[in-house]
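Only one structure is covered here, and it is reproduced in the block below.
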Amino acid sequence: MARTSAFTVRVAGLRELQKNVRRLKSRDLNNSVRAANKAAAEVVKPEAESTAPKGKRDAKSSKRYKPGKLAKSVKVTASVKGAAVKAGSAARVPYAAAIHFGYPKRGISPNRFLYRAMARKSEAVSETYEREISAVVRQHLEGD
């Protein structure tokens with residue numbers, strides 16, 4: 001079951017901007033908005049990587065187990081509609097959701113490092129997003 005983030009940033013007038021971007025059908029404008037979304041989300045990535053649980057290697061660990069895989073798997077994905085900071089992958093770090101949301105049947109308590117990172121950096125994300133979107137609007141929409 002997919003869970004939605006507890007943290008969102010709401011921007012006044014964003015829906016209208018997205019509608020206008022789709023209506024213009026400009027590839028450069030789409031790429032610029034996507035880059036602005038990605039820049040805002042990139043602010044959270046270092047905090048999420050540093051607070052991700054690192055794990056420990058002990059005598060019972062598999063020889064293939066390498067501590068720090070979860071922290072290295074943190075990545076930013078962006079589109080014209082928004083951006084997300086994600087951790088884990090089905091192939092390399094399939095246990096990411098169990099660590100983040102917990103797994104009571106297995107005795108794993110939740111460690112919501114992504115949510116904490118967003119909470120700590122929310123002010124910087126808002127400032128970065130406002131600055132980047134303003135630059136996009138000035139460059140593409142007011143420059144004509």
request  = Report Tyr95's accessible area, 1.4 Å probe, all protein chains in place, as a number in Å² to the nearest 10.
outcome  = 80 Å²
key: Sites Lys72 and Ser109, calculated FRET efficiency, Cβ-Cβ separation with R0 30 Å, nearest 0.05   = 0.85
key: Long-range amide H partners of Tyr103 with built H, under 5 Å   = Ile108, Ser109
note = Here segment 33-44 yields Karplus 3J(HN,Hα) values (6.51, -1.76, 1.60; θ = phi - 60°; whole Hz; Gly and Pro given as x) of 5, 4, 5, 5, 4, 5, 4, 5, 6, 4, 5, 7
query = Across segment 98-103, in residue order, what do the Karplus-derived ³J(HN,Hα) couplings come to in whole Hz, using 6.51 cos²θ - 1.76 cosθ + 1.60 with θ = phi - 60° and x for Gly and Pro?
reply = 5, 6, 5, 9, x, 8
ask   = How much space per residue, in cubic angstrom, does the convex hull of the C-alpha atoms of segment 24-123 take up?
value = 126 Å³
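The values are calculated or read from the model by the stated rules, or taken from the named source; none is laboratory data. Predicted model, so just to flag it, every value in this text is computed and none were measured. Note that we place each Cβ from the backbone using ideal geometry, even for glycine, and neighbour counts take in every protein chain shown. Side chains included, ligands, DNA and RNA excluded: accessible areas come from the protein's heavy atoms. Shrake-Rupley method; radii C 1.70, N 1.55, O 1.52, S 1.80 Å.
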